[in-house]
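Structure, as structure tokens:
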Amino acid sequence: MSLLNVFDIAGSGMSAQSIRLNTTASNLANAESVAPRGEATYRARHPVFAAELETAAGGHLPLPSETGAAEGSNVQVLGIVESDKPLNIRYEPDHPYANENGYVAYPNVNPVEEMSNMISASRSFQINVEMMNTARSLAERVLNMGR
Amino acid sequence: MKISIDNALGLHPQALALRSERTSLLARNIAQADTPGYKSRDIDFQSVLAEQMKGTPMQGTLSGTNHAHITQATNGQGGYDVQYRVPLMPSLDGNTVDVQSEQSKFAENNMRFLASLRFVDGRFGSLVTAIKGE
């Protein structure tokens, strides 16, 4: 029954969004972490989402019941990439990790961007939870049919 | 007099199956709302149900005369098309899911699912009454 696919789909969405929340938390927590000289400074991390591989044959779009929610339905996290935006260079000559010119490299985390990312991820998570609840109540009603 | 359960239930069993299929499709759209390049998709409920009630699977409107022709996208079993939605406002990453409209469609679809369910339930109730003859 394809109603039960909703659980798989929403579950994969929730786990993907929680990974996104996790990277956001890590980015915000490390927004001001400076690495000692010679070590790589922390860079903002972001997950890459993808729809799980679709069947390529003939432009055929599979229905959820055909693929058993295994293909094309679930949200997959391909990996986590580090942002290659330039690091935040600040002039702080009295900082212990300053280089010989007095500059310190701070992470390239943009807190505003991260906050909006966090809100977006938590909203998407909520929507997935609601979807799951709805599917559950529908399935319950079906089970109670004819009583 | 013969009671046919299929006749008694009418089109509602098919409608229920299609509604649950659509629930799952819309759920997929909503779950993929943040996936770059994902295209929102849906089934055209009216035409699919009409075709199913006619008893003819909905395929064969295009005929391939050359082996290089792209085959029409149909699913193997009941023969209905999943179509891409015409995007209102595609985002830069190629995603065409509009979460708000998908959510309202999801809610509407579930309402209609429950309506069909209520009908089927009612018909079963009537059948039981007829069988018991009380």
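Some observations on this one:
- If the condition is being over 29 Å from A:R136 (Cβ atoms), buried (at least 17 other Cβ atoms within 10 Å of the Cβ) and in contact with an Asp or Glu (Cβ under 6 Å, 6 or more places away or on another chain), then the stretch A:1-36 contributes only A:N27.
- Considering residues of the stretch B:76-134 that are in contact (Cβ under 8 Å) with a residue 12 or more places away in the chain, of a type in the set (S, T, Y) and part of a helix (DSSP H, G or I) only, the residue surrounded by the most Cβ atoms within 10 Å (Cβ to Cβ): B:S116
- Of everything in the stretch A:1-37 that is more than 10 Å from every other protein chain (Cβ to nearest Cβ) and of a type in the set (A, V, I, L, M), the residue that is nearest to the chain's Cα centre (by Cα) is A:I19.
- Residue pairs whose Cβ atoms lie under 7 Å apart, separated by 6 or more positions or on different chains, with the first residue in the stretch A:29-44 and within 14 Å of A:K85 (Cβ to Cβ) and the second in a loop (DSSP other than H, G, I, E, B) and of a type in the set (V, I, T), are A:A31/A:V109; A:T41/A:V34; A:A44/A:V109.
- Sole exception among (1) away from every other protein chain (no Cβ under 12 Å); (2) under 23 Å from the mean Cα position of the chain (by Cα); (3) outside any helix (DSSP H, G or I); (4) among the polar types (S, T, N, Q) for A:N99, by number: (2)
- For the stretch A:1-58, filtering for residues that are touching a strand residue (DSSP E or B) at 6+ places or on another chain (Cβ under 7 Å), modelled with pLDDT of 90 or more and of a type in the set (S, T, N, Q) leaves 4.
- Answer from A:A98, A:A139 - the residue that is of a type in the set (A, V, I, L, M, F, W, C) and modelled with pLDDT under 90: A:A98
- The stretch B:13-35, subset facing chain A (nearest Cβ under 7 Å) and of a type outside the set (A, V, I, L, M, F, W, C), residue nearest to the chain's Cα centre (by Cα): B:E21
- Residue satisfying all of: in the stretch A:112-144; under 15 Å from A:N5 (Cα atoms) and not aliphatic (A, V, I, L, M); nearest to the chain's Cα centre (by Cα) among these: A:N128
- Index of the failed condition, B:M53 passing every other in (1) over 25 Å from A:A135 (Cβ atoms); (2) at pLDDT below 75; (3) in a loop (DSSP other than H, G, I, E, B): (3)
The values are calculated or read from the model by the stated rules, or taken from the named source; none is laboratory data. Just so it is clear, the model here is predicted, and its values are computed rather than measured. With ideal geometry, Cβ positions are generated from the backbone for all residues, glycine too; neighbour counts draw on all protein chains shown.
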